[in-house]
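Below you'll find the structure, written out as structure tokens, and then a few comments.
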Amino acid sequence: MSKDVISDRYARLYEMPRQLALHGHDVLGLCLAYRPQTAGRWIHEAAPGQLQWSARSLGRMPLPGLLAYPWQVLDELRGFAPDVLIGASDIPHAALTAWLARRLKVPYAIDLYDNFEGFGQARIPGFVPALRSATRHAALVTTTSTPLREFVLEEYAVQGEVLALESTVDRAVFRPREQLTCRRALGLPEHARLIGTAGGLYRDKGVLPLYDAWRLLSERMPNVHLVLAGPQDPELPAPKGPRVHDLGQLEHARVAELFCALDVGVISILDTAFGRFCFPQKAYEMLACGLPVAAADVGAMSTLFAATPQALFESGHAEQLTRAIERQLLAPVRPRIEIEDWSQLIGRMESRLQHIVQPGAALRSRAA
């Protein structure tokens, strides 16, 4: 996500422990940086509960650090004495959570915020079996989308409950704003028609159809401009020209400004092992800002926009994306979709966690 979970306090990986603390629990978040990064401990305000963070870095000697890390975490957790563990982030952390839970003799949950089998690390021998084993034996599994929940139920033979728990947004940040004000704040043309997106601008995330669609759209609609924000694939440079505006990597709150400045937002994901099971965070971010969208007709997006088929286009198809953008520019349609806040969302997870705690134990703590 190009974000630091502790310092950026961004999205699901931060909100899950934070909301559990806000619900009155003691939470310890354990983070590992695979690249050299500052280690330390922090306490974040989350009354009436407590939210502590502990971060380590593999530094310049990744292999020795990686071998020592499970035992360091085990020692820290013995002192914390959790009632339940939650594993998240990626395959190694899911497998580590299962290993720790066995030694601590406590139940555990696994949060799949994406289809981890679509990650590059899944190509490492043994990683997918480790993921499936950890997930299979979890007392609770949460998934970022209903299609991913169905996949896990069919393929993993999970013994516990599987709960679809789509990520949501901070409605205080992502909300409708005055378009002209947002355009001026970002230095964008005030009177042009603006389309665009924000996030990882990578080939495997589906940005190429947008670039190809722009070449078609720029010829058909001379008053339309393309706006991009986020890290770019060095092997797939973004289009250039006076009608293309590259804002670089924006702070989280400024992404909301961008979505309020646009006329149409683009959600281009591919029909792949990743795309079929993900739930793009930007979908709810755009909708919460009142932005009309053009979205790939794949996975969770097919269901989310089922009532507004004019907003959908065939995944990976530049011409269809162009037509969807044109439709939304000429006759914008905004679906009426209720978006839960983080408190409601994690509240549903908390009720399940209460049920998996060992008999007679009070749900006091969380370790992620």
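Every number here is computed from the coordinates shown, using simple stated rules; none is lab data. Remember, it's a predicted structure, so these values are computed and weren't measured experimentally. Virtual Cβ from ideal backbone geometry, glycine too; neighbours counted across all protein chains shown.
Can you tally the net charge around I356? Count Lys and Arg as +1, Asp and Glu as -1, for every other residue whose Cβ sits under 10 Å from the Cβ of I356.
Once positives and negatives cancel, what remains is -1.
Against the longest principal axis of the chain, how steep is helix 62-80, in degrees 0 to 90 to the nearest 10, with axes from Cα atoms?
Taking the Cα atoms of the chain, the angle to 62-80 is about 60 degrees.
Which aspartates and glutamates, if any, have their Cα less than 16 Å from the Cα of K205, not counting same-chain residues under 8 positions apart?
Leaving aside aspartates and glutamates fewer than 8 places away in the same chain, those within reach of K205 are D114, E117, D233, E235, D271, D297, E314.
Using amide H atoms built 1.01 Å from N in the peptide plane, name the residues 5+ places from A295, or on other chains, whose amide H lies under 5 Å from its own.
Correct list: I267, L312, F313.
If you average the sequence gap of Cα pairs under 8 Å that are 6 or more apart and divide by the length of segment 197-284, what percent do you get for the contact order?
Answer for segment 197-284 is 36 percent.
Using a 10 Å cut-off around each Cβ, can you sort F279, F127 from fewest to most neighbouring Cβ atoms? The partial results should precede the final answer.
Values: F279 26, F127 19.
Taking fewest neighbouring Cβ atoms as first place, the list is F127, F279.
Taking the Cα centre of the chain as origin, work out the dipole magnitude from +1 charges on Lys and Arg Cβ and -1 charges on Asp and Glu Cβ, in debye rounded to 20.
Its charge dipole is roughly 500 debye.
Pick out which of L270, L58, L217 has the largest mean-square fluctuation in a Gaussian network model of the chain, springs linking Cα atoms closer than 10 Å.
Comparing L270, L58, L217 in a Gaussian network model of the chain, the most mobile one is L58.
Evaluate the relative contact order of segment 179-330 (contact order divided by residue number), counting alpha-carbon pairs under 8 angstrom at least 6 apart; express in whole percent.
After rounding, I find 25 percent.
Any idea what angle helix 207-220 forms with the longest principal axis of the chain, computed on alpha-carbon atoms, 0 to 90 degrees, nearest 10?
Roughly 10 degrees, rounded to the nearest 10.
On a 0 to 90° scale, report how tilted helix 11-22 is relative to the longest principal axis of the chain, with both axes built from alpha carbons and the result rounded to the nearest 10.
Taking the Cα atoms of the chain, the angle to 11-22 is about 50 degrees.
Find, among the GluC sites (Glu not before Pro) in segment 303-357, those assigned to loop by DSSP (not H, G, I, E, B) with at most 14 other beta-carbon atoms within 10 angstrom.
The qualifying sites are E338.
Could you tell me what percent of the DSSP beta bridges with both partners in the chain are antiparallel, to the nearest 5? Let's see the in-between values first.
Numbers: 5 of 46 bridges.
Given both bridge residues lie in the chain, the antiparallel proportion sits at roughly 10 percent.
Name the most mobile residue of H252, H225, H25, meaning the one with the largest mean-square fluctuation, in a Gaussian network model of the chain with Cα contacts below 10 Å.
In the Gaussian network model the winner is H252.
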